[in-house]
Amino acid sequence: MRTKTRRLATTVAASALLAGGLGYLATPAMAYTEKCTSSQDTTIGTPGTNVSVHIKLCIVDSGGYHQAVANGTFSGGGGTTDKFDNFDLKVRVERYDSVYDTYTCDFTNMINNNSSSAFSCGWAVSGSSLNYGWSADGAVNYDINLDGLGGKTWNLTGTPTIY
């Protein structure tokens, strides 16, 4: 069931893009709403150059499906030594702070092997027919290579609520 929900949500999202972008869906019967945070930024001290990360978190409501999406960029990656042992971005779909779905994207290799790039993580989907109170939340769990301090968490600020 979860796979079907994700496939349908992906199809709905792709249809929205084809119909004119993320902010508008041409069919009046399928309302589209998106609420996002401003860019959330941090710089992490890593071997070699520091890594700067910028993430924008969004909740998307389209046709009764609610999806958490995180889009971001990083710079300062790559180099002769790995920056991270682990760099995971977790997104959550929530309704009144109750978690309906989560999804984790692993960007460890991307950051360790590229000086800069854009990335996206957005598979947390709820197919609930319940209206009102939907938001997205997320966190980055990372472990800096060679620092001996273990993992750390950067909690992202959640999106505004869709009412």
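Annotation: amide H of GLY133 within the under-5 Å range of ILE162, TYR163, sequence separation 5 or more or interchain, hydrogens built in the peptide plane. Residue ranges 95-102, 139-146 sort as 139-146, 95-102 when ordered by packing (mean number of other C-beta atoms within 10 Å per residue, highest first). Across the alpha-carbon atoms of region 83-136, the computed radius of gyration and Dmax are 14.4, 43 angstrom.
Before I look further, what does region 37-136 give for accessible area per residue, probe 1.4 Å, in whole square angstrom?
I get 43 Å² per residue for this part.
Reducing region 68-107 and region 124-161 to their Cα centroids gives an inter-centroid distance of 7 Å. Amide hydrogen proximity for SER117: with H placed 1.01 Å from N in the peptide plane, the residues at 5 or more positions away or on another chain lying under 5 Å are PHE74. Per-residue surface analysis assigns ILE162 an accessible area of about 10 Å², computed on protein heavy atoms at 1.4 Å probe radius.
The values are calculated or read from the model by the stated rules, or taken from the named source; none is laboratory data. Note that the structure is a prediction, hence the values are computed from the model and not measured. Ideal geometry is used to build each Cβ from the backbone, glycine not excepted, and the neighbour counts take in all protein chains shown. The accessibility values were calculated without ligands, DNA or RNA, using every heavy atom of the protein model including side chains. Shrake-Rupley method; radii C 1.70, N 1.55, O 1.52, S 1.80 Å.
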